[in-house]
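Data block below; observations after.
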Amino acid sequence: MRVACFSSKSYDEVSFKSLLPKFEHEFTFFEPKLDLHTIALAEGYDAICTFVNDYIDEKVLQKLSKMGIQQIVLRCAGYNQVDLKKAAELEIKICRVPAYSPEAVAEHALALLLTLSRKTHKAFNRVRDNNFSLEGLTGFNIHGKTAGVIGTGAIGKAFCKIMLGMGCKVLAYDLYVNEELKELGVQYLSIKDLLEQSEIVSLHCPLTEDTFHLINDNTIRMMKDHATLINTSRGALIDTEAVINALKNKKIGNLGIDVYEQEEDLFFQNRSEEILQNEQIARLMGFPNVLITGHQAFLTQEALSHIAETTLQNLDELAAGKELSNQVL
Ligand code: NAD
């Protein structure tokens, strides 16, 4: 198949090009994000390949359908950016990469947590400035803390195991209980009980209508004072304004985020020459106890290779009209 690949970065090209000789698909890598202005680039292709911030809404789907493009391969796990109802109506098939490396994301959540708990980001800058003072670098142990994990699918499960290994008591909230985790000692509770008891809260559920602003004024009130909140899932799980207020009044002790509610016009680009227009992220950056990374939790060699391989296999199945292993319905 001829595939137009949107939001392409150098690392996408490297991982796909290393596998393309084994498959019968041709890729053209386009740097722009998919939207109504860039969709014309897809003219003449059989399928498009997109990433997390390529919004595939009703208008984009209608345009694709008019162009005769009936196949979309997402090179990510989440699919909240797709209007699935419209896609089904237009009979556009959508496949994703359900679990490319849950450990990559879980380990990044741990990296955010450990950086915040031991202030290594501050130490790094201090030591390079010949400043070996330890004042203000007092951290806290992870061992012995209670960690609450919201969403215990592939990534949440990997994160639970890491936290158990760190010597934490692990609490979980999910719509479904994972028996393997229960046997390992993870305790499933209501979200209220989890928030009331956890010193560390990590979000690993998808963004849906039910989970939009899951962390809001009301749920923040349930949290333990000075708790650490980590989000590597989707930005809109958190009501950013509510969290800013909770940081200001010290209810939340630390915030580590790899995703941000308004990230789509901000992330994945070098904007170092621009004036930052987004007020909320500017405010977040002003807190010494907030660590932000730009949606990089997935970015390991292993995960990229797995994403490329599964995406190409998804295209094989689409091309052959086979039953689709990773269709999003
Ligand atoms: P998964 O489908 O394996 O697990 C999601 C879990 O959330 C499931 O167990 C599900 O039952 C649970 N869940 C669904 N609705 C819920 C609700 N209302 N309350 C509580 N739990 C609920 O998904 P995964 O592979 O573990 O990925 C989780 C999320 O991580 C994805 O949806 C995606 O948004 C995000 N993600 C981020 C990155 C990154 O680079 N930052 C990379 C991959 C995935």
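The values are calculated or read from the model by the stated rules, or taken from the named source; none is laboratory data. Here the structure is a predicted model, which means the values were calculated and not measured. Please note: Cβ atoms are built from the backbone with ideal geometry, for glycine as well, and neighbour counts cover all protein chains shown. Only protein heavy atoms, including side chains, enter the accessible area calculation; ligands, DNA and RNA are left aside. Shrake-Rupley method; radii C 1.70, N 1.55, O 1.52, S 1.80 Å.
The order of the peptides 23-29, 137-143 by mean Cβ neighbours within 10 Å, most packed first, is 23-29, 137-143.
Packing around the peptides 205-211, 230-236, taken as the average count of other Cβ atoms within 10 Å per residue, puts them in this order, highest first: 230-236, 205-211.
Under the combined filter of DSSP loop state and at most 16 neighbouring Cβ atoms within 10 Å, the range 212-303 retains these GluC sites (Glu not before Pro): Glu273, Glu274.
Here the range 1-84 has 51 percent of its accessible surface on carbon and sulfur atoms, given a 1.4 Å probe and all protein chains in place. Here Arg118 sits with roughly 140 square angstrom of accessible surface, probe radius 1.4 Å. With a 1.4 Å probe rolled over the protein heavy atoms of all chains, the accessible area of Phe132, Phe268 falls in the order Phe132, Phe268, largest first. Karplus-based coupling profile of the range 305-312, in residue order and whole Hz: 5, 5, 4, 4, 4, 5, 4, 5, with θ = phi - 60° in 6.51 cos²θ - 1.76 cosθ + 1.60 and x standing for Gly or Pro. The magnitude of the dipole of the chain, with charges of +1 and -1 set on the Cβ of Lys/Arg and Asp/Glu and taken from the Cα centre, is near 960 debye. Per residue of the chain, the DSSP helices (runs of n ≥ 4 H) give a summed -39500 (n - 2.57) that works out to -10500 deg cm²/dmol at 222 nm.
From most to least packed by mean Cβ count within 10 Å, the peptides 180-188, 97-105 give 97-105, 180-188. Here the relative contact order of the chain, from alpha carbon pairs under 8 Å that lie six or more residues apart, stands at 18 percent. For Lys22, the aspartates and glutamates whose Cα falls under 12 Å of its own Cα, not counting residues fewer than eight places away in the same chain, are Glu309, Asp316. What a 1.4 Å probe finds exposed on the range 102-292 is 50% carbon and sulfur by accessible area, rounded to a whole percent.
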